[in-house]
Amino acid sequence: MNKQTERIILKGRKVIGGVAEGEALVSKMPLMGWGNVDPQRGYTTERNHPLFEIPFKGKVLVFTEPRGSGGFVSYGMSRMFGTHPAAFVYRKGNNLTVFAAMVANVPTVTDFDQDPTEVIETGDHVIVNGDKGIVEVIKKRKTGR
Amino acid sequence: MRLTDEEKRILNGERGEIAQRCMKFLVEYGEAAGAEYLVDIDGTVDMHPGANWVPAYSVSREEVAALAARGERFKVPTFSDKATAPGFIVDGWETCGVHPSCEPAFHQKCLDDLKPYIEMGMIPTFSCTHYLVSSFWPAPGTHSAWVESSAIPWVNAVLGSRSNFDGCFQTAYLGKVPAYDMHLTENRAATVLVRCETELKRDMDYDLFGWAVGERLGLKVPALVGIGRPTTAQLVKMNSSLNTGGQVRMYHIPGITPEAPTLEAAFQGKKPREVISITRDDLRRVYDMMNYGSRDDVDFVHLGCPHYTIQEVRKVAELLDGKKCSVRLWVMTSPQVYSLAEAAGYRKKIEAAGGMLLSGACAGLLKGNTMPPANKPSVIATDSAKQDYYITGHCYPEKVQVRYGTMEDCIEAAVTGRWKGEWR
């Protein structure tokens, strides 16, 4: 370990309490529900989406915003199939993100002091403290350097 | 959250376990959303009967039936959005050929399941465009709780009543909803000035424009200038796209929508934080994205997302006059417009040409199972960006292609079985 691990703290607002950690799966494109998420398979089925067919099970799902139908709650309904994310972290939401988080019942934080999708990259290790509204990011080490 | 004494009593169970469960839902939801209090709904509720947002606080159909039987009623005027029972079609189901929609026993079961909600006072509009046929609108400045993509901008922007995307049994039963986001005056101000730099003429132009704006804005509130004077059908299409391509719940059209008598009023006296332009190239880009696939041998044509107005149904009937469909054509509308179309003879005209007029459902709600006995089409033609963009997901993992264009393009595809639409 000759390279120092970079740690970043993001301060936000609690949506759902509890603490969870995992590898980040980041979407800079808003997430869309209803037909465009498959809760059973646990991934987005939206054509043109960077996360198309990429499982979010056990990941910290980091995204910008929701868009579209009330069927966004299917991101939370993945809980019924055990394919749900370990936590949600998002830049800005509305009642659809709140409902998805309530249904999944996993630690969820939003309204940060900085844009989480700018700070967190897919593969980073993220600790989400829903109770404190804090997210700790441990940057993945760049290989080959 | 700060609760009133009455709300605390309900939370303590003084009005029974179901009312307590509903209050627990509103309180937990409100706290997670950052709301400080509940507001009394003095507008209306729009709900998907049978659906619950969060299973932990679900009220079952049996529980609703028990409440209805002992004379309990919704606290506020409540209207039905589409019933979400998979496969339920209100009118036209008998001849659709798709299972289980076309089975009388299935249809009756769906109707029976909806009865308790109607007994409690829900008006059986059963449509995503219930707001066009409900005969009763919430007044400007009131608080409401609605659902559905095109309906949310309708209640906020067009009617000036205040609503998040949270209508449900719980809000209708207690007549309350967490007060945050769209309920608060400051959040309804425009922050982005959107200049439309191309003339919007066709209905499709408003669909494409709404998507282009939604994509750029996400949750922000725009003031839209240079969009002309949209018709009812054009507003419905624009709203649907604004809240599908993005999450625009509220907008202003200065001089037209009720909270924006002037441009200054739209911004509540502040300066725009952003100014953006939408050009013809933006509409073209969305049009190309909606044309998903390369095949031109269309086998299913879907019109009426959101549910068509009577003027659109009339136009379909006219375009089909003297023609014969060679592939399956579904024209979706509300049960109330279906009755009007029946009275006006449009249903007969559409059916004489081999098309089908259906109410209370859409291909998306049927998970794309629109081809008898219960299969998905291969190439769909539609005039709706919303239906277009969701249907490939609904049909997943089957790969379905979508052709997108004007109503005229779609009718031509229904008649010839070929897609001839192109950007014009």
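Among residues belonging to region A:32-50 that are assigned to a loop (DSSP other than H, G, I, E, B) and surrounded by 24 or more Cβ atoms within 10 Å (Cβ to Cβ), point out the one that is nearest to the chain's Cα centre (by Cα).
Applying the first criterion (assigned to a loop (DSSP other than H, G, I, E, B)) to region A:32-50 yields A:33, A:39-42, A:45-50.
Filter once more, so that each one left must be surrounded by 24 or more Cβ atoms within 10 Å (Cβ to Cβ): A:33, A:46.
On the way: A:G33: 14, A:E46: 17 Å.
Ranking the candidates gives A:G33 first.
Run down B:A51, B:A56 and say which single residue is assigned by TED's automatic domain parsing to the domain that holds B:L114 and either more than 23 Å from B:I123 (Cα to Cα) or without any contact (Cβ under 8 Å) to a residue 24 or more places away in the chain (or both). Before you say what the answer is, go through the steps one by one.
On the way: B:A51 fails: either more than 23 Å from B:I123 (Cα to Cα) or without any contact (Cβ under 8 Å) to a residue 24 or more places away in the chain (or both).
Answer to the check: B:A56.
Out of A:E6, A:E23, A:E65, I need the residue that is at the interface with chain B (Cβ under 8 Å from one of its Cβ atoms) and more than 22 Å from B:E398 (Cβ to Cβ). Which one?
Working: A:E6 fails: at the interface with chain B (Cβ under 8 Å from one of its Cβ atoms); A:E23 fails: at the interface with chain B (Cβ under 8 Å from one of its Cβ atoms).
So the residue among A:E6, A:E23, A:E65 that is at the interface with chain B (Cβ under 8 Å from one of its Cβ atoms) and more than 22 Å from B:E398 (Cβ to Cβ) is A:E65.
List the number of the failed condition for A:F112; all other conditions in (1) within 8 Å of another protein chain (Cβ to nearest Cβ); (2) in contact (Cβ under 8 Å) with a residue 40 or more places away in the chain hold.
The one condition A:F112 does not meet is (1).
Can you tell me which residue in region A:71-80 is farthest from the other protein chains (Cβ to nearest Cβ), limited to those that are within 15 Å of B:N164 (Cα to Cα) and open to solvent by 10 Å² or more (accessible area, probe 1.4 Å)? Spell out the reasoning first.
Applying the first criterion (within 15 Å of B:N164 (Cα to Cα)) to region A:71-80 yields A:71-73.
Retained after the next criterion (residues that are open to solvent by 10 Å² or more (accessible area, probe 1.4 Å)): A:71, A:73.
Numbers: A:G71: 9, A:V73: 6 Å.
Once the filter is applied, the top-ranked residue is A:G71.
Regarding region B:144-157, can at least one residue be identified that is surrounded by fewer than 23 Cβ atoms within 10 Å (Cβ to Cβ) and not polar (S, T, N, Q)? Steps first, please.
Within region B:144-157, the subset surrounded by fewer than 23 Cβ atoms within 10 Å (Cβ to Cβ) is none.
No, that holds for no residue.
Using the structure shown, decide if A:E53 is within 22 Å of A:E23 (Cβ to Cβ), away from every other protein chain (no Cβ under 12 Å), open to solvent by 10 Å² or more (accessible area, probe 1.4 Å) and not basic (K, R).
Values: within 22 Å of A:E23 (Cβ to Cβ): yes; away from every other protein chain (no Cβ under 12 Å): no; open to solvent by 10 Å² or more (accessible area, probe 1.4 Å): yes; not basic (K, R): yes.
No, not satisfied.
With the requirement that a residue be more than 8 Å from every other protein chain (Cβ to nearest Cβ), open to solvent by 10 Å² or more (accessible area, probe 1.4 Å) and in contact with a helix residue (DSSP H, G or I) (Cβ under 8 Å, 6 or more places away or on another chain), what does region A:81-104 give you?
Matches in region A:81-104: A:H84, A:R91.
Listed here are the residues, each with its yes/no results for (1) out of contact with any helix residue (DSSP H, G or I) (no Cβ under 6 Å at 6 or more places or on another chain); (2) within 14 Å of another protein chain (Cβ to nearest Cβ); (3) surrounded by 16 or more Cβ atoms within 10 Å (Cβ to Cβ).
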{"residue": "B:R9", "(1), (2), (3)": "yes, no, no"}
{"residue": "B:G13", "(1), (2), (3)": "no, no, no"}
{"residue": "B:E17", "(1), (2), (3)": "yes, no, no"}
{"residue": "B:F25", "(1), (2), (3)": "no, yes, yes"}
{"residue": "B:G30", "(1), (2), (3)": "yes, yes, yes"}
{"residue": "B:A35", "(1), (2), (3)": "yes, yes, yes"}
{"residue": "B:Y57", "(1), (2), (3)": "no, yes, yes"}
{"residue": "B:E62", "(1), (2), (3)": "yes, no, no"}
{"residue": "B:A66", "(1), (2), (3)": "yes, no, no"}
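Of the conditions (1) of a type in the set (F, W, Y); (2) outside any loop (DSSP other than H, G, I, E, B); (3) in contact with a His (Cβ under 8 Å, 6 or more places away or on another chain), A:F56 fails just one. Which one is it?
Of everything listed in (1) of a type in the set (F, W, Y); (2) outside any loop (DSSP other than H, G, I, E, B); (3) in contact with a His (Cβ under 8 Å, 6 or more places away or on another chain), A:F56 misses just condition (2).
Could you tell me whether region B:19-32 includes any residue that is among the acidic types (D, E), part of a helix (DSSP H, G or I) and more than 23 Å from the chain's Cα centre (by Cα)? Even if it seems obvious, please write down each step before you answer.
We begin by selecting, within region B:19-32, every residue among the acidic types (D, E); these are B:28, B:31.
Narrowing further to those that are part of a helix (DSSP H, G or I): B:28, B:31.
When the remaining residues are screened for being more than 23 Å from the chain's Cα centre (by Cα), the result is B:28, B:31.
Within region B:19-32, one or more residues are among the acidic types (D, E), part of a helix (DSSP H, G or I) and more than 23 Å from the chain's Cα centre (by Cα).
The values are calculated or read from the model by the stated rules, or taken from the named source; none is laboratory data. For clarity, every value in this text was computed on a predicted model and none was experimentally measured. In this analysis, Cβ positions are derived from the backbone assuming ideal geometry, glycine residues included, and neighbour counts consider all displayed protein chains. Please note that ligands, DNA and RNA were not included when accessible areas were found on the heavy atoms of the full protein model with its side chains. Shrake-Rupley method; radii C 1.70, N 1.55, O 1.52, S 1.80 Å.
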